[in-house]
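The values are calculated or read from the model by the stated rules, or taken from the named source; none is laboratory data. Fair warning: this is a prediction, and the values are worked out from it, not measured in the lab. Here the Cβ positions follow ideal geometry from the backbone for every residue, glycine too, while neighbour counts run over all protein chains shown.
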Amino acid sequence: MIEQIQDLPANVVGFRGTGKITKNEYDSSLLPAVDMLADSTGSLRYLFVLDSDVSNISTGAWYDDIKVGLEHLLQWKKIAIVSDQKYVNKFTQVFVTVMPGEVRAFTLSELDEAKKWVAE
């Protein structure tokens, strides 16, 4: 399930992924919110908290994740990925080399720090 995080500054869009994460959830909640922020501000500050195993993300959701990244390629300012899964955080460090803007990995205990960082 993907839930939008509500207690973020207006210049940040954020989500928490728990349990099974599907393409339908990306299409109905995540993509419209990202598109709306990109249209209204011209840039993207994005927080994603993965509170589920990465194996629970469907192939369609992965495809949409890549698609939204490419559609807004030049608008990304900051991306904060929050997870306690070491391989997610290691992948995030690799992701830094291909994405414009700043990308950082945080652990779940660093969520408040991630929120502050992505909004600056």
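Structure summary
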quantity: Selected residue [within 16 Å of Val103 (Cα to Cα), among the hydrophobic types (A, V, I, L, M, F, W, C) and either touching a Phe, Trp or Tyr at 6+ places or on another chain (Cβ under 7 Å) or buried (at least 18 other Cβ atoms within 10 Å of the Cβ) (or both)] from Val34, Val49; calculated: Val49
quantity: The range 19-78, residues that are closer than 20 Å to Thr107 by Cβ, not aromatic (Phe, Trp, Tyr) and not in a loop (DSSP other than H, G, I, E, B); calculated: Ile21, Arg45, Leu47, Val49, Leu50, Val54, Ser55, Asn56, Ile57, Lys78
quantity: Candidates Ser29, Ser43, Ser109, Ser58 - the one that is more than 20 Å from Ile2 (Cβ to Cβ) and surrounded by 12 or more Cβ atoms within 10 Å (Cβ to Cβ); calculated: Ser43
quantity: Subset of the range 86-110 (residues that are at pLDDT 90 or above and more than 13 Å from the chain's Cα centre (by Cα)); calculated: Thr107, Leu108, Ser109, Glu110
